[in-house]
Amino acid sequence: MTDLLAVEPLEAKTPLGPLFWACVAWLSLNVLAAILANLLPLQDPLFQNYSALNAGPSLHHLLGTDDLGRDIFSRIVFGSRISILVGIGAMFIGFGIGAPLGMLTAYRRGKFDHIVTTMMYVLLAFPAIIAVIAVLSFWTPRSILKIIIVIGAASIPLVYRVVRAASLSVATRDFVTAAKVQGASSLRILLREILPNITPIMVSFLLIGIASVVTLEGALAFLGLSVNPPTPSWGNMINESRTVLAQNPWLVLFPSLALCLFLLSLNFIGDRLRTYFDVSEVKL
Amino acid sequence: MSPDSRHLLEVDQLSTTFATPHGLLPAVSEVSFTLQEDETIGIVGESGSGKTVLARTIMGLQPMTNIQVEGSVLINGFQVVGASDPEKRKHWGTDVAMVFQDPMTSLNPVMRIGKQIDETLRVRLGMSRQSAKARAIELLTLVGIPSSTERYDAFPGELSGGMRQRVVIATALACSPKLLLADEPTTGLDVTIQAQILNLLGELQQRLHMSVVLITHDLGVVATRTSRLIVMYAGRVVEIGETRDIFAHHRMPYTRALLDSSPRISNPSHTRLLAIPGRPPNLLNLPNGCSFAPRCSFATDQCHNERPPLTPSSEPGHSFACWNPLPISTRSEMS
Amino acid sequence: MTSHVPLLSVRDLTVVFGSGSHAVSAVAGISFDIFPGETLGLVGESGCGKSTTGKALMKIVAPTSGSIELDGIDVTRQKGRALRNARSRMQMIFQDPISSLNPRRRIKDIVAEPLDCWKSVVGVERDDLVADLLNKVGIDPAIYGNRYARQFSGGQCQRISIARSLAMRPKLLICDEMVSALDVSVQAQILNLLQDLKEEYGLTLLFIAHDLAVVKNVSDRVAVMYLGKICEIGPADNLYHSPAHPYTKALLGAALEADPDSPVHGEVLQGEPPSPLDPPSGCRFRTRCPYATELCANEEPQPREIAPGHQVACHFPLVP
């Protein structure tokens, strides 16, 4: 018996596009610069050059200097370390705990699911930003690690909800039942059948999550709840620039631009990846 | 077919093409047929044969973007192709109505069923609230819904699948359409319920003097309930004629393949079905010649290179599209 | 072909969903045997409990009471590894071919999944076995083995499902509406393939479907279910030719034949099945039965033999 397997290129997806790759390039540049900041020929971000206060962009100071004569370009690069570290670190905690829990409860269902989900919804009902501010105001002295832990913990219910919902729609499909019937263990089903199907959603949520945490760090810094000055972070820099806004608009412009481009790239990549990997959208 | 009877529906060289990211998709190609008043015609085909798109094109339900409709559809003298939405709205309901496959999605789940019929009556026919309600209850009774006065206030979710399909039919009949398009009206219903709904459609057709287009994948549904039959494959009409002629004297090998591969109750148990290999073609990448040629055991070079036109057979009104038709009067004895 | 020791023996199987006033007996005490090498068809309308029966046998849903014996071993109370072991001797093919394969895995891995779970066959031997299975179901492993499941059509997916289910060489294959989502011409291919493989692998089948014609074409014996109970069971040809239960007769009367000369059924079973939340007393079919009497309301009919191997649960079985 021959079957005419006219397998058509169902995979003929629209390409990711140049904008996507531009965003990826920009992000990589950001991350790379943050990692290698110490090795790059940058000026000391804390060195105060009193001969050039509030200077505009020049060859010597590419993006100008701040009110204390510190090089803005160098401070943005060093500041990105804090922002990116907090973003990735917090999501590491959020996904490390929220994702496995969400998959497990969606697969297991029953009482366990009921209890965990109710708990998470109670946590979700409490405004996370207020909780984060409250904890960070009292948990002194502040350090990057503490900020990461607090924001990370606050993101767990959000990650849990997204992962559980995604896993639930997969766990009820017949191929999961089929795997069970073939004698696959629960761990195998979680890793082989469910995880690959929710990965695209998780990746795009992870990117958007990092973006949100970077914004949140900026907001905390603005309230003076992030790392202590003079250590630069994007939020810190924007915060400090308030007082000298009239004399030195560069000081607010460049860190804001850096933050903005970083967030835009992350969101765009996340969104594009989600549609790209969405199996159901490909089919006619 | 008396020559003086009017053609209620005239479909002429109708083609519907979708523009997809992967290229042009000819869902319906050069379909022509006519339907008289009081007549029931069946359209059978497998998935991808274009039968549902054909029904939606006849109805004029296609979105305007990414789609191209050529040819003509005349219903009761109204040209559907190219008509504007307000024009079509005037013609929907009174000239033509449609019953869809899934009764759950064609009813609004948060609206009481009576209200859904009421609305049409009041907007289209300008009825008063009381008379619309009375008429709606009358319609529900007509389609065989027991205690229709109480059911008037029910939500679709409170009804079974069969009852919901009855409500859908009642909604379609609200403005006494001359033509009813029924797209897989019983697919997904149980056999006993399917028989009830088909009987109901047959009764209503006779009582209200409607013409019906019955679209289905199931040859059993059309065998005894239509006077003429169209067999579609890959968007084209491959055989058309009186239902009896198609069953008894089909000339197109695909029609025979469909009949042979249908399991029958009259067969003894463990009857081996005569299956044809392969599956319906990808419409984005159709062969040059006959679309069925790759699966056909009679195919020749001509079949692979040249598309067969519809050719009249010996019986009146019976045509087929095949270069190497089956000899006349070969009722397939194999099954 | 058939021996007298059943491969699968089901006794008083019940499956109750929910509890208290919301308890629904989807399966309300059914008993049947399947003998080695035969195909038992299980037909009924939606909600009659036929799919739940199949799932209960695989323990995808937990049986509430009763016993399921496979090869003389009661699998009803088995758990953990013993249950997984029992499942490898019974396999199931599902209704929705697309949904039963993981779209993000390659089909050769999907077919190998049961082997990998059990580590029974590894390395080159495993790859050869997978290739052989794919060949058996008519899919060329060299060309298509590395493609993802989402690239295949319904009929092809069902072939892959069959290959997967055969990997562990099960004794019993449960087919739950396996062709109802397929086009007629593809359906015939799959039914023929199933028949071929059944002979080659010496399989025993439980074929669950709503389509009476399909069931008759594949089955040796047929059981008819209504509202969680088996109302008639017997040899396929016998049962279709001279149905003894009024419900079987009504089902057959409503079925449509692809033949313009078949009689148009003026007399159609009226009404719809009652809610399983509140089943009628006595015989569950009595509310729609044209022959129902007071006895039917008061006393539940027990299955009794009216011909060799032909049992019917009715106080007034129809005489041929």
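The values are calculated or read from the model by the stated rules, or taken from the named source; none is laboratory data. Since the model is a prediction, treat every value here as computed from it, not as a measurement. Reconstructed Cβ throughout: ideal geometry from the backbone, glycine too, with neighbour counts over all protein chains shown. Surface accessibility is based on the protein's heavy atoms, side chains included, excluding ligands, DNA and RNA. Shrake-Rupley method; radii C 1.70, N 1.55, O 1.52, S 1.80 Å.
If you go through segment A:154-175 and pick out every residue that is in contact (Cβ under 8 Å) with a residue 12 or more places away in the chain, more than 14 Å from the chain's Cα centre (by Cα) and open to solvent by less than 50 Å² (accessible area, probe 1.4 Å), you end up with 11. Tally the residues that are open to solvent by 70 Å² or more (accessible area, probe 1.4 Å), part of a loop (DSSP other than H, G, I, E, B) and of a type outside the set (Phe, Trp, Tyr), restricting the search to segment C:287-312. The qualifying residues number 6.
For segment C:24-66, a residue qualifies if it is under 22 Å from residue B:160 (Cα atoms), open to solvent by 30 Å² or more (accessible area, probe 1.4 Å) and not in a strand (DSSP E or B), and the qualifying residues are C:46, C:47, C:51.
Condition test on residue C:110, is it aliphatic (A, V, I, L, M) and at the interface with another protein chain (Cβ under 9 Å from one of its Cβ atoms)? Yes; evaluated as a whole, the condition is true for this residue. When residue C:212 is tested against the conditions (1) closer than 28 Å to residue C:69 by Cβ; (2) in contact with a strand residue (DSSP E or B) (Cβ under 8 Å, 6 or more places away or on another chain), the lone failure is (1).
Residues are listed down the side, and each one gets a yes or a no for (1) touching a strand residue (DSSP E or B) at 6+ places or on another chain (Cβ under 8 Å); (2) closer than 30 Å to residue C:220 by Cβ; (3) modelled with pLDDT of 90 or more; (4) open to solvent by 40 Å² or more (accessible area, probe 1.4 Å):
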| site | (1), (2), (3), (4) |
| --- | --- |
| B:235 | yes, no, yes, no |
| B:251 | yes, no, yes, no |
| B:255 | yes, no, yes, no |
| B:272 | no, yes, no, yes |
| B:279 | no, yes, no, yes |
| B:293 | no, no, yes, no |
| B:303 | no, no, yes, no |
| B:329 | no, no, no, yes |
| B:335 | no, yes, no, yes |
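Those helices (runs of 4 or more DSSP H) of segment C:137-218 that lie entirely within it include none in which at least 1 residues are away from chain B (no Cβ under 14 Å), on the phi > 0 side of the Ramachandran plot and modelled with pLDDT of 90 or more. Within segment B:42-93, being within 29 Å of residue B:170 (Cβ to Cβ), open to solvent by 40 Å² or more (accessible area, probe 1.4 Å), touching a strand residue (DSSP E or B) at 6+ places or on another chain (Cβ under 8 Å) and not in a helix (DSSP H, G or I) holds for B:61, B:74, B:76, B:79.
The rows are residues; the columns are (1) farther than 17 Å from residue A:253 by Cβ; (2) assigned to a helix (DSSP H, G or I); (3) open to solvent by 50 Å² or more (accessible area, probe 1.4 Å).
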{"position": "A:23", "(1), (2), (3)": "yes, yes, no"}
{"position": "A:68", "(1), (2), (3)": "yes, no, yes"}
{"position": "A:82", "(1), (2), (3)": "yes, yes, no"}
{"position": "A:95", "(1), (2), (3)": "yes, yes, no"}
{"position": "A:100", "(1), (2), (3)": "yes, yes, yes"}
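Taken over segment B:166-215, residues that are free of Cβ contacts under 8 Å to residues at least 12 places away in the same chain and among the aliphatic types (A, V, I, L, M) amount to 2. All conditions but one from (1) surrounded by fewer than 22 Cβ atoms within 10 Å (Cβ to Cβ); (2) within 14 Å of the chain's Cα centre (by Cα) apply to residue B:160; the one that does not is (2). State whether one or more residues within segment A:202-222 are among the charged types (D, E, K, R) and open to solvent by 40 Å² or more (accessible area, probe 1.4 Å). No - not one qualifying residue is present in segment A:202-222. For residues in segment C:244-263 being touching a Phe, Trp or Tyr at 6+ places or on another chain (Cβ under 7 Å) and not in a loop (DSSP other than H, G, I, E, B), which is surrounded by the fewest Cβ atoms within 10 Å (Cβ to Cβ)? Across segment C:244-263, the extreme among qualifying residues is C:252.
When C:301, C:308, C:260, C:290 are checked against the criterion of being of a type outside the set (Ser, Thr, Tyr) and in contact (Cβ under 8 Å) with a residue 40 or more places away in the chain, a single residue qualifies: C:290.
Of the helices (runs of 4 or more DSSP H) entirely within segment B:209-317, those holding at least 2 residues that are at the interface with chain C (Cβ under 7 Å from one of its Cβ atoms) and within 28 Å of residue B:25 (Cα to Cα) occupy B:253-261. Evaluate segment B:160-167: report whether one residue or more is under 18 Å from residue B:52 (Cα atoms) and assigned to a helix (DSSP H, G or I). Scanning segment B:160-167, I find at least one residue that is under 18 Å from residue B:52 (Cα atoms) and assigned to a helix (DSSP H, G or I), so the answer is yes. The set of residues in segment C:7-23 being within 28 Å of residue B:188 (Cβ to Cβ) and crowded, with 19+ Cβ neighbours inside 10 Å consists of C:13, C:15.
In segment A:240-263, what residues are open to solvent by 30 Å² or more (accessible area, probe 1.4 Å) and modelled with pLDDT under 80? Those that are open to solvent by 30 Å² or more (accessible area, probe 1.4 Å) and modelled with pLDDT under 80: A:240, A:242, A:243, A:245, A:246, A:247, A:249, A:250.
The single condition from (1) without any contact (Cβ under 8 Å) to a residue 60 or more places away in the chain; (2) of a type outside the set (Ser, Thr, Tyr); (3) in contact with a strand residue (DSSP E or B) (Cβ under 7 Å, 6 or more places away or on another chain) that residue A:77 fails is (3).
Among the candidates B:218, B:245, single out the residue that is over 17 Å from residue C:254 (Cα atoms) and open to solvent by 10 Å² or more (accessible area, probe 1.4 Å). Testing whether each residue is over 17 Å from residue C:254 (Cα atoms) and open to solvent by 10 Å² or more (accessible area, probe 1.4 Å) leaves just B:245. Could you tell me whether any residue of segment A:35-44 is of a type in the set (Asp, Glu) and open to solvent by 30 Å² or more (accessible area, probe 1.4 Å)? For segment A:35-44, residues of a type in the set (Asp, Glu) and open to solvent by 30 Å² or more (accessible area, probe 1.4 Å): present. Taking the listed residues A:141, A:196, the one that is open to solvent by 30 Å² or more (accessible area, probe 1.4 Å) and within 12 Å of chain C (Cβ to nearest Cβ) is A:196, with no other qualifying.
Scanning segment B:125-143 for residues that are touching a helix residue (DSSP H, G or I) at 6+ places or on another chain (Cβ under 6 Å), surrounded by fewer than 21 Cβ atoms within 10 Å (Cβ to Cβ) and not in a helix (DSSP H, G or I) returns a single hit, B:127.
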